[in-house]
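Read-outs throughout are calculated quantities, based only on the coordinates presented, and are distinct from any laboratory measurement. Worth saying up front: this structure is predicted, and the values here are computed from it rather than measured. Methodologically, a virtual Cβ is constructed for each residue, glycine included, from the backbone with ideal geometry; neighbour enumeration extends over all protein chains shown.
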Amino acid sequence: MAPLFSVCVLSILGAGFFTILYSMEWGPEKSADWLTTFLLSFFQSVIIIQPVKVCLQGPCWTWGPLFDPQFGQKFFYFDATTE
């Protein structure tokens, strides 16, 4: 389990390192604009887009079996037999 965590930590640190290098190259004004854009798009996704996706997809997955009795079997059926 520890090697998996180390891969995650190294990935995060590597991405952060290169982000800091690019922001130093851009200068303070462009870095602040980039950070603002990133944070706005992140919170827009979390607060608006993801809940809308859940509200639109939820009824489709819930009502699917009502209109088609084999709804779950068609998409999630796996036959592991080797006959």
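The alpha carbon gyration tensor of the stretch 4-53 gives principal lengths a ≥ b ≥ c with a/c of 1.5 or higher and a/b no greater than b/c, which makes the shape oblate. On the beta carbon distance between VAL54 and LEU13, with R0 = 25 Å, the FRET formula returns roughly 0.20.
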